[in-house]
1. On the given criteria, is Pro64 within 30 Å of Leu227 (Cβ to Cβ), buried (at least 16 other Cβ atoms within 10 Å of the Cβ), in contact with a helix residue (DSSP H, G or I) (Cβ under 7 Å, 6 or more places away or on another chain) and in contact (Cβ under 8 Å) with a residue 60 or more places away in the chain?
2. Would a scan of the stretch 195-206 turn up a residue that is in contact (Cβ under 8 Å) with a residue 24 or more places away in the chain, in contact with a Pro (Cβ under 7 Å, 6 or more places away or on another chain) and acidic (Asp, Glu)?
3. For the stretch 122-139, does any single residue satisfy the condition of being surrounded by 15 or more Cβ atoms within 10 Å (Cβ to Cβ), of a type in the set (Phe, Trp, Tyr) and closer than 23 Å to Val188 by Cβ?
4. Report whether or not Leu17 is out of contact with any Gly (no Cβ under 6 Å at 6 or more places or on another chain), under 18 Å from Pro205 (Cα atoms) and hydrophobic (A, V, I, L, M, F, W, C).
5. Any residue that is part of a helix (DSSP H, G or I) and either over 16 Å from the mean Cα position of the chain (by Cα) or of a type in the set (Lys, Arg) (or both) - is there at least one of those in the stretch 37-54?
6. Could you identify the single residue in Leu97, Leu69, Leu81 that is more than 29 Å from Asp189 (Cα to Cα), within 17 Å of the chain's Cα centre (by Cα) and surrounded by fewer than 15 Cβ atoms within 10 Å (Cβ to Cβ)?
7. Hey, among Ser123, Ser191, Ser202, which residue is polar (S, T, N, Q) and assigned by TED's automatic domain parsing to the domain that holds Pro64?
Amino acid sequence: MNNTYEEKAKELINRGLTKCVVSYSCGKDSVLALYRAVKSGLIPISLITTYNIDINRSWFHGVPEPLLLQIGKSLEIDVTLIRTKGEDYSDNFEAELSRLKQQGAQVCVFGDIDIKEHLKWCSDRCKEVGIEPFFPLFRESRLSLVYKFIDKGFKTHITTIDTTRMDGKLLGKQLTREVVEELTAHGVDASGENGEYHTFTSDGPLFKKPIIYHFGNMQYNGKYVTLPLEC
């Protein structure tokens, strides 16, 4: 039987591994992972976000730098942008982890749940630089995690949809229990773990004040439809 995330966090703390960095996409899973890490007693010294230098937005969730810095201020945690192209992604991630290790980081927190390839990639990056990976959402029920996130009072909106996997009409909607029920009724994975949709979290526990932003004009990129995040 797998240990709970609280037990894993306690194990890390008992080994003297208390200072962490958090792989932070601004999506619901990375936010919940941060929340659980903090509530378990780990001390975040930085949020690390991979940043696509070709489009000047974060990878995968498309968050511009000013919003990322606003998030850091609201959470009162430094934000580290890993500025990279796709071909250098892994190497640059490791290089930044190594630099942060020199500044005291002992653990890297990830919001991945159960996709083996994702868990392995994260673990391999940490292994290369001698830092401990921690997965607070590891192998929990995807549906249960979404409900726990919502019930904690976090506010998140759907910003990108893979139109081959789900209907685009939910774009821009706040993720609520009712929206989750609509997703599952249509056979969509509630957590979007397979890339069905991405979210942006703007408020909730740990945030000192809400993130101020607005949506730009809808954009289409192949099978994806996105509402760009703007300051």
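The values are calculated or read from the model by the stated rules, or taken from the named source; none is laboratory data. If you're wondering where the values come from, they're calculated on a predicted model, not measured in any experiment. In this analysis, Cβ positions are derived from the backbone assuming ideal geometry, glycine residues included, and neighbour counts consider all displayed protein chains.
1. Against the criterion (within 30 Å of Leu227 (Cβ to Cβ), buried (at least 16 other Cβ atoms within 10 Å of the Cβ), in contact with a helix residue (DSSP H, G or I) (Cβ under 7 Å, 6 or more places away or on another chain) and in contact (Cβ under 8 Å) with a residue 60 or more places away in the chain), Pro64 does not qualify.
2. The answer is yes; a qualifying residue exists.
3. Yes: the stretch 122-139 contains one or more residues that are surrounded by 15 or more Cβ atoms within 10 Å (Cβ to Cβ), of a type in the set (Phe, Trp, Tyr) and closer than 23 Å to Val188 by Cβ.
4. no
5. So the first thing to find is which residues in the stretch 37-54 are part of a helix (DSSP H, G or I), and the list is 37-39.
Right, trim to either over 16 Å from the mean Cα position of the chain (by Cα) or of a type in the set (Lys, Arg) (or both) and you get 39.
Yes, the stretch 37-54 has at least one match.
6. Working: Leu97 fails: surrounded by fewer than 15 Cβ atoms within 10 Å (Cβ to Cβ); Leu81 fails: surrounded by fewer than 15 Cβ atoms within 10 Å (Cβ to Cβ).
None of the others qualify; the one that does is Leu69.
7. Result: Ser123 is the single residue among Ser123, Ser191, Ser202 that is polar (S, T, N, Q) and assigned by TED's automatic domain parsing to the domain that holds Pro64.
For (1) aromatic (Phe, Trp, Tyr); (2) buried (at least 16 other Cβ atoms within 10 Å of the Cβ); (3) closer than 30 Å to Ser40 by Cβ, each residue gets a yes or a no:
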position	(1), (2), (3)
Asp162	no, yes, no
Thr176	no, no, yes
Ala185	no, no, no
Phe200	yes, yes, yes
